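Trainee: If you scroll down you'll find the structure; I have some questions about it.
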Amino acid sequence: MERLSQLQDLLRADPERRRIVALVHSLDLPDCWVAAGFARNAVWDFLHGRSPSLPSSDVDVIWFDPGSSDAAIDLQLEAHLKDMDGSIAWSVKNQARMHVRNDDPPYLSSGDAMRFWPETATAVAVRQTTSGDLEITAPFGLEDLYAARIRPTPRFSGEKHTLFTQRLESKKWLAHWPLLRAV
């Protein structure tokens, strides 16, 4: 519970992240979260004594609605977000269809889909509640994130471990955040 409060406080103190979460909240999508590097990078910057920086590649928005799983809907949502803020590279993905691309069993929710992501520290998401507060979901908890550990999820510990290793190398996280340790 302490790590959860720490992350909420960290994100609350970041006006740019709060603004982005509010933009995504305005879409009013079911089971919708700002995920992956959005919260992860904020924590890693904090652990390195740096000011928070936004993910350099994109801002991942995940949502879950089996009745709206056409990829064209995601593209429309990305365009809408780009109209609201064109300075951000938005990536919107309905997790109800992503299991097919990832060769996984069907996901039951956004949180369930995150259990199949490559790293435990990346499987973290935030959304704005109706009361305006921040809610966090992290199916593997926040310990690895705050311990600066990059650990594969169970799905990427076995047959997909090569993909985990390739991702670790291509992202260059260890060079950018030298306190991180791959497990």
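Trainee: Being within 12 Å of V126 (Cα to Cα), of a type outside the set (V, I, T) and touching a helix residue (DSSP H, G or I) at 6+ places or on another chain (Cβ under 8 Å) is the filter here; which residues of the stretch 11-41 pass it?
Mentor: The first filter runs over the stretch 11-41 and keeps only residues within 12 Å of V126 (Cα to Cα), leaving 11-12, 17-18, 20-22, 24-25, 31-40.
If we keep only those that are of a type outside the set (V, I, T) as well, we get 11-12, 17-18, 22, 25, 31-33, 35-40.
Within the stretch 11-41, L11, R12, R17, R18, D31, C32, W33, A35, F38, A39, R40 qualify.
Trainee: What tally of residues in the stretch 140-154 results from selecting those that are more than 17 Å from the chain's Cα centre (by Cα) and surrounded by 13 or more Cβ atoms within 10 Å (Cβ to Cβ)?
Mentor: In the first step, residues of the stretch 140-154 are kept if they are more than 17 Å from the chain's Cα centre (by Cα); the result is 147, 154.
So of that shortlist, the ones also surrounded by 13 or more Cβ atoms within 10 Å (Cβ to Cβ) come out as 147.
Selection size over the stretch 140-154: 1.
Trainee: Considering only the stretch 30-40, state which residues are outside any helix (DSSP H, G or I), buried (at least 21 other Cβ atoms within 10 Å of the Cβ) and not small (G, A, S).
Mentor: Result: C32, W33, V34.
Trainee: Within the stretch 1-29, take every residue that is polar (S, T, N, Q) and assigned to a helix (DSSP H, G or I) and give me the one that is surrounded by the fewest Cβ atoms within 10 Å (Cβ to Cβ). Step through it out loud before you land on a result.
Mentor: In the first step, residues of the stretch 1-29 are kept if they are polar (S, T, N, Q); the result is 5-6, 8, 26.
Still in the running and assigned to a helix (DSSP H, G or I): 5-6, 8.
Working: S5: 10, Q6: 14, Q8: 16.
Among those residues, the one meeting the criterion is S5.
Trainee: Could you check the stretch 90-139 for strands (runs of 3 or more DSSP E) lying wholly inside it with 2 or more residues that are touching a residue at least 60 places away in the same chain (Cβ under 8 Å) and closer than 18 Å to S5 by Cβ? If you could, list the steps in order and put the result at the bottom.
Mentor: Details: elements: 90-94, 125-128, 134-137.
Correct list: 125-128, 134-137.
Trainee: Right, next: Suppose we filter T165, T120 for residues that are farther than 23 Å from R19 by Cα and surrounded by 17 or more Cβ atoms within 10 Å (Cβ to Cβ); which single one remains? Spell out how you get there, then give the answer.
Mentor: Numbers: T165 fails: surrounded by 17 or more Cβ atoms within 10 Å (Cβ to Cβ).
The match here is T120.
Trainee: Related question: When both residues are 6+ apart or on different chains and their Cβ atoms are under 9 Å apart, which pairs have a first residue that lies in the stretch 36-63 and is on the phi > 0 side of the Ramachandran plot and at pLDDT below 95, and a second that is buried (at least 17 other Cβ atoms within 10 Å of the Cβ) and of a type in the set (S, T, N, Q)?
Mentor: So the pair list comes out as A36/S91; A36/T122.
Trainee: Then there's this: Only one of these is more than 18 Å from the chain's Cα centre (by Cα) and surrounded by 16 or more Cβ atoms within 10 Å (Cβ to Cβ): I62, I73. Name it.
Mentor: Working: I62 fails: more than 18 Å from the chain's Cα centre (by Cα).
Just one listed residue meets the conditions, I73.
Trainee: Can you run down the residue pairs with Cβ atoms below 9 Å, 6 or more apart or on separate chains, where the first is in the stretch 1-29 and at negative phi and among the acidic types (D, E) and the partner is surrounded by fewer than 19 Cβ atoms within 10 Å (Cβ to Cβ) and not in a helix (DSSP H, G or I)?
Mentor: Going by the 9 Å Cβ cut-off, the qualifying pairs are D14/P52; E16/P52.
The values are calculated or read from the model by the stated rules, or taken from the named source; none is laboratory data. Here the structure is a predicted model, which is why all the values come from computation and not from measurement. Ideal geometry is used to build each Cβ from the backbone, glycine not excepted, and the neighbour counts take in all protein chains shown.
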